[in-house]
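Presented below is the structure to which this report refers.
The values are calculated or read from the model by the stated rules, or taken from the named source; none is laboratory data. Since the structure is predicted, the reported quantities are computational estimates derived from the model, not experimental observations. We place every Cβ from the backbone using ideal geometry, glycine too, and count neighbours over all the protein chains shown. We work out accessible area using only protein heavy atoms, side chains counted, and drop any ligands, DNA or RNA first. Shrake-Rupley method; radii C 1.70, N 1.55, O 1.52, S 1.80 Å.
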Amino acid sequence: MKISLSDLEDIVATGGENRARPLRDDCPSPEQLALCARSALSKKEKSVITGHLMTCRDCAAEVKTILAVFAEESRLIRDLQDSVPAPGKKQPQATGSPRWHPAWKIASAVSAVVLLAALGIVLVSRFAPRADRQRGAGPALALVSPVNNAFSLGGLKFTWRGPAAKYHIIEVFDASLKLLWRSAGVAGNEVTAPEELTRRMKPKETYFWVVTAVLGDESRVKSKLGEFKTKD
Amino acid sequence: MSPTESPAEREPVERILARFSHLVAARINAFRFRDYGLEQADLAQDIFVRIWEYYEKNDKNIRHLESYIYRVVNSVVIDAIKRARKEGAALRRLGRDTYEPPNASGSKGDEYKHRLRATVLGSVKQLKPSRRKVVGLYLAGLTLDEITALMNWKKTRTNNLFYRGLEDLKRILAAEGDAHED
């Protein structure tokens, strides 16, 4: 049997193995697919899911949708960052078309210089690494515990290390990344899980957490998303 | 809208959020969700309202909004997929899900295609793990850009693994007598 490139494309069109799985009991959950697409799973877990995707056209189609939506999400965040001034800063008000006045020649020359300087600042700030834009950029903020292993709910304590910060904000999410708890400003590098959080957590479940450090100049550094499980 | 916020500040956010909500709804809708009763307009409205309300109620700091957007998008897309799975399973149990993948109708070429698929997928299993993953995901319908995003790799890495994988695949098929013809 000779196989041509168009045959391969035909296989692509029919989506790999065409298994009939009416109930899809062995498929990863939508939460797992979303975490996989966000690269928020361990290497091993990700490998299991991508292995499954190679043989399941239903899950592959769902992942295509998730990736397309996440791409729009990244574009949205970029657009918002580019379009909206930081709080407290006012955008210049639009004015009507001015009548030309000789004295404005000087003003326009000064404006041109200011504009060029501003443009330079904007270009430098756009292309310089910004700690508050990307996780992992700028000073490192590393999660220490709980990470990866199973932890008991009693006395659950979040610890991390990173640059000196004015305060930290800790956020804890469930497996579908729904926010369960957000701390007030934490001065040190650890905080004990309050009862309002532990009450909402269940044994043998997966949770995620992230720390945001607010530095002296009000810039923010975010840690990577940490994963942990709860014990019985 | 807050009294301290000018229309000039408000409009870009509102416009961008509205465009985003419609784009996300369109992406979700493209995946047969309409078959299961999900309407694009409802989805777009839901996404827009949830993010906008959060923006209005809080300090209007876009950096704070970012993590909320992640959660809204996650919950919307996960809910949509769960609903589609549930509806799809119900339809399949009833034998009413008439969806067939493209080119998979009951023509007499089906047996040939089935054999072809089995041959190629059997050969893919012989590839080196990293190349097998890229070729396997490609054959499952993902584009190289999607594989790059999913694996969190650089595009060049995905391309290299894919083309080396294809070369290996051709060699394996040729050795088995199923020569690949360019």
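Pop the C-beta distance of B:Tyr112 and A:Val48 into the FRET formula with R0 = 35 Å and round what comes out to the nearest 0.05.
Efficiency, from the Cβ-Cβ distance: 0.60.
Just counting partner chain Cβ atoms within 10 Å, what average do the residues of peptide A:46-58 show around their Cβ?
The shielding value for this peptide is 4.
Testing the spin-label approximation: label points 7 Å from Cα along Cα→Cβ at A:Arg24 and A:Ala142. State their distance in nm.
Result: 3.9 nm between the two label points.
What figure in square angstrom, to the nearest 10, would you give for the accessible area of A:Ser47 with a 1.4 Å probe?
Answer for A:Ser47: close to 60 Å² accessible.
Using protein chains only and a probe of 1.4 angstrom, how many square angstrom of B:His114 are accessible, to the nearest 10?
Surface open to solvent at B:His114 totals about 120 Å².
Can you give the average number of partner chain beta-carbon atoms within 10 Å of each beta-carbon in peptide B:150-160, as a whole number?
Partner Cβ neighbours, averaged per residue: 2.
Treat each spin label as a single point 7 Å out from the Cα along the C-beta direction, and report the A:Asn149 to A:Lys178 distance in nm.
3.0 nm
Would you check the accessible area of B:Glu53, probe 1.4 Å, heavy atoms only, in square angstrom rounded to 10?
90 Å²
From the cross-link list A:Lys44/B:Lys82; A:Lys178/B:Lys125; A:Lys44/A:Lys178; A:Lys222/B:Lys82; A:Lys166/B:Lys154, which pairs have alpha carbons spaced over 32 Å apart?
A:Lys178/B:Lys125; A:Lys166/B:Lys154
Would you grab the residues whose amide H sits under 5 Å from the one on A:Phe173? Only those 5+ places off in sequence or on another chain, please, with H modelled 1.01 Å from N.
Placed amide hydrogens put A:Leu180, A:Phe208, A:Trp209 under 5 Å from A:Phe173.
Which far-off residues, 5 or more places away or on another chain, put their amide H under 5 Å from the one on A:Ala193, with H placed in the peptide plane?
Close amide H contacts, sequence-distant or interchain: A:Leu156, A:Lys157, A:Phe158.
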